[in-house]
Amino acid sequence: VMMMPLGYHIVVLAATVMSAAHVISQEMGGPVEPVGVDVGVMVGQVVEHHFTGCHLVLFTTTQHSHVFSSIIRLMSVSVEAIVVAEAGWVSQDQLTQDHLLKGLWGDTRTACRALILDVTTSNNNTHLTFRLAEAAGLWKMPETRVVVVGGTEEVEGILLHNNFRNIVHALYLAVHFPLQTPPLERVWVYRRCLYCNNGEADVQLICKCNITSFPQYVDYLFYHEPFHNFMGHKMLFSTVPYFPYMDYTRDSEEPGTKVTVKDSLDARLLSTIATKLNISFEIREQPERSRGLQKDGRFSGMVGQLQREEIDVSGPMATLAERIRVMEFLSAYQVDVMSIVSLKPTPLPQHLSLIRPFAGELWLALLMSVVAWGATLWILQRAWWFVARDRGVQFNTALLYGWGALLEQPPPDPSINISGQVLVGWWLVFCLVITTGFRSSLIAHLTVQGKSHPPEDFEDLLARNNWKWGIEPWLLSGGVLLYFSRHTDPVVKQIYRETETVSLAEALQKVKGGGYSFLAVNFKIEVELASYHADNYGQSPFYISKKGLVLLAAFGWGFRKGAPFYQRFRQLVLQLEDCGIIPYWTEELQAQRVKENRAAAAMVTRASVENTLPDDNAEVILGLNHLQGVFYLLFLGSFLSILTLLAENINHIHSSPQANNNCSGKQEK
């Protein structure tokens, strides 16, 4: 590795360790300082046992690092990048910094990362190394394994530096200057522990090692799990109310106040995690009661608190693409869906019960069939009359015969030849099938009363004439707002344009009036309707759509970027979800809240509902209301007969004078 002298500078080597030769100090040759040789060999042992296949990054503040020289000579590496940066690199423009740091930590395929930091020099440039590490985003990668080589005076200052705040595994090999001990007994090994000091980070002396004794501590140093016991570590949790995920009472009226959590999913999850990991949570209400909106790359609300690292965890919230860039997300619950609340299905109009057994197109087909069959019979008989000069059949006679046969009361057979009789025979078979189907369908419709179909999805809402819908203002924000505003489906766009914002009470009143639907989150509206709008049997005048509309991909907690405990939390939540605990808790919390609300509500509220709901299971006796369509049909037939009589009389009056004149003329002759 060739390096040019640039005054105060940082040398960065990024490489992938492909293989490692067996590390022994005797293999070293050349004029290398003994301290560098011994420490370099020890670091090489770490690389050999734990960094093979990892993306290795080396930082040094000196131009000629004996530690780096030892590692490069001992290890077989595939060098990916070498970056030499001057001390003033951090003041350069963003494009230059991005170029220097591009690919420093590998790419998305990199599964293992390691950093070796050499601060053995006395040029006081350690702060530049940390500035480089901060700009390179070391704090975002808690699983990066860090090995620092330096003097004994800077152990705590370096291992407890803010740049290492999220690092899980960090070692410090402290070299004593000047040399006063035999070469093999001068390296003290320290480790950074995250929570060992009553829940806070601290530095622990692991051993006073030499090349021979050091390897026996390596496995412990990098495979020790620090997340079984957090030693009472306190985490800051920011939240907003959203049952059944989170519910609480505020301890004061001040913004951002502490809250007392009530029974909810978050309360149970946090309690379980706290007991399992020996951890505590300070739970505060988000001062703006907002999950977070983006403006100029900065977020407000809970996401903004995570972005600024003011809190450790927040929830509940939805996952969005722009939020993921500044935080980690954990899907902790069952996703709530949007439901359409409408008036409960009502019985269809009884005056149409007579025609309801057949669809409209079938009735039209029957009418056309009667006319077509009558015309066909009339044409056949006219053709026979033209050939045989026998008696013919009038068109109205053929038409009325087809209609009478369909009603199972046909007049005398009007056919006068075999072809007509064949046509009549097949028509009677057709009438038999049609009347049998109508009779059975009519019995079924009169036995089980038909009901209206409330809307199940957005397409159903748009398909209804003069139909309106609304949503609560608080729901039309955050992830739901982005779903509607960014969706490309014309149906969703039209739903969004025509949606009005209403309060819950106002919306339910409009739903009761008919022609109106209410868009609401399923968990909340189920509890609301079962608590305050249902009788003792659970009957409610409202209908919740069965097809839930999934608007959000996931719902859960947000973690600050690089949180070292994220994977441990994720592991515990997934275990609870896999065994069905979280869905069970969700149903239990809903039932429990309904019971509490009904016990606290006034009985008069439910009594008014109880007396207005029809009993679907009651025995139905057919009455005038059910068969009113038959009487309407009778009245219609009587009216048509009167009109026909009137037409016949008028025609007879107009034709009588002409007939009388003809008779008078014949008598005179």
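Look at Thr319 and say whether it is of a type in the set (S, T, N, Q), within 30 Å of Phe458 (Cβ to Cβ) and in contact with a strand residue (DSSP E or B) (Cβ under 9 Å, 6 or more places away or on another chain). Give the derivation first.
Values: of a type in the set (S, T, N, Q): yes; within 30 Å of Phe458 (Cβ to Cβ): yes; in contact with a strand residue (DSSP E or B) (Cβ under 9 Å, 6 or more places away or on another chain): yes.
Taking the combined requirement at face value, the residue satisfies it.
Check every one of the strands (runs of 3 or more DSSP E) wholly within region 457-568 and list those with 3 or more residues that are under 19 Å from the mean Cα position of the chain (by Cα). Explain how you work it out, then say what you get.
Details: elements: 468-471, 516-521, 542-544, 555-560.
So the answer is 516-521, 555-560.
The criterion of at least 2 residues that are open to solvent by less than 10 Å² (accessible area, probe 1.4 Å) is met, among strands (runs of 3 or more DSSP E) falling completely within region 267-343, by 313-318, 327-331, 338-343.
When region 236-259 is filtered for residues that are assigned to a loop (DSSP other than H, G, I, E, B), closer than 21 Å to Ile582 by Cα and either open to solvent by 10 Å² or more (accessible area, probe 1.4 Å) or among the aliphatic types (A, V, I, L, M) (or both), the ones remaining, listed by number, are Val240, Pro241, Phe243, Asp247.
Apart from one condition, Val620 fits all of (1) at pLDDT below 95; (2) buried (at least 18 other Cβ atoms within 10 Å of the Cβ); the exception is (2). Condition test on Val433, is it in contact with a Ser or Thr (Cβ under 6 Å, 6 or more places away or on another chain), among the β-branched types (Val, Ile, Thr) and at pLDDT 80 or above? For Val433, the condition - in contact with a Ser or Thr (Cβ under 6 Å, 6 or more places away or on another chain), among the β-branched types (Val, Ile, Thr) and at pLDDT 80 or above - is not met.
Annotation note: Cβ proximity below 8 Å between a residue of region 394-420 that is surrounded by fewer than 17 Cβ atoms within 10 Å (Cβ to Cβ) and a residue that is at pLDDT below 80 and among the small types (Gly, Ala, Ser) (sequence gap 6+ or interchain) occurs for Asn417/Ala388. When restricted to residues that are open to solvent by less than 50 Å² (accessible area, probe 1.4 Å), in contact with a Phe, Trp or Tyr (Cβ under 6 Å, 6 or more places away or on another chain) and over 13 Å from Gly450 (Cβ atoms), region 344-373 contains 2. Kindly establish whether Glu526 is under 13 Å from Met338 (Cα atoms) and open to solvent by 70 Å² or more (accessible area, probe 1.4 Å). In short, yes. Residue check: Glu498 meets all listed conditions (1) buried (at least 17 other Cβ atoms within 10 Å of the Cβ); (2) touching a helix residue (DSSP H, G or I) at 6+ places or on another chain (Cβ under 9 Å) but one, namely (1).
Would you check if Gln97 is open to solvent by less than 30 Å² (accessible area, probe 1.4 Å) and at pLDDT below 75? Spell out how you get there, then give the answer.
Numbers: open to solvent by less than 30 Å² (accessible area, probe 1.4 Å): yes; at pLDDT below 75: yes.
So Gln97 passes the test.
For Arg560, are the conditions met, namely being surrounded by 10 or more Cβ atoms within 10 Å (Cβ to Cβ), in contact with a strand residue (DSSP E or B) (Cβ under 9 Å, 6 or more places away or on another chain) and at pLDDT 75 or above? Considered against the rule, which asks whether it is surrounded by 10 or more Cβ atoms within 10 Å (Cβ to Cβ), in contact with a strand residue (DSSP E or B) (Cβ under 9 Å, 6 or more places away or on another chain) and at pLDDT 75 or above, Arg560 comes out as yes.
Selection over region 114-152 of residues that are buried (at least 19 other Cβ atoms within 10 Å of the Cβ) and part of a strand (DSSP E or B) gives a count of 11.
Kindly check whether there is at least one residue in region 541-550 that is of a type in the set (Gly, Ala, Ser) and more than 30 Å from Met235 (Cα to Cα). Talk me through it step by step, then tell me what you get.
Quick first cut of region 541-550, residues of a type in the set (Gly, Ala, Ser) only: 545, 548.
Right, trim to more than 30 Å from Met235 (Cα to Cα) and you get 545, 548.
Checking region 541-550: at least one residue is of a type in the set (Gly, Ala, Ser) and more than 30 Å from Met235 (Cα to Cα).
When Ser531 is tested against (1) more than 17 Å from Val341 (Cβ to Cβ); (2) surrounded by 13 or more Cβ atoms within 10 Å (Cβ to Cβ); (3) of a type in the set (Ser, Thr, Tyr), just one condition goes unmet, and that condition is (1).
The values are calculated or read from the model by the stated rules, or taken from the named source; none is laboratory data. Predicted model, so just to flag it, every value in this text is computed and none were measured. Note that we place each Cβ from the backbone using ideal geometry, even for glycine, and neighbour counts take in every protein chain shown. The area values use the complete protein model at the heavy-atom level, side chains included, leaving out ligands, DNA and RNA. Shrake-Rupley method; radii C 1.70, N 1.55, O 1.52, S 1.80 Å.
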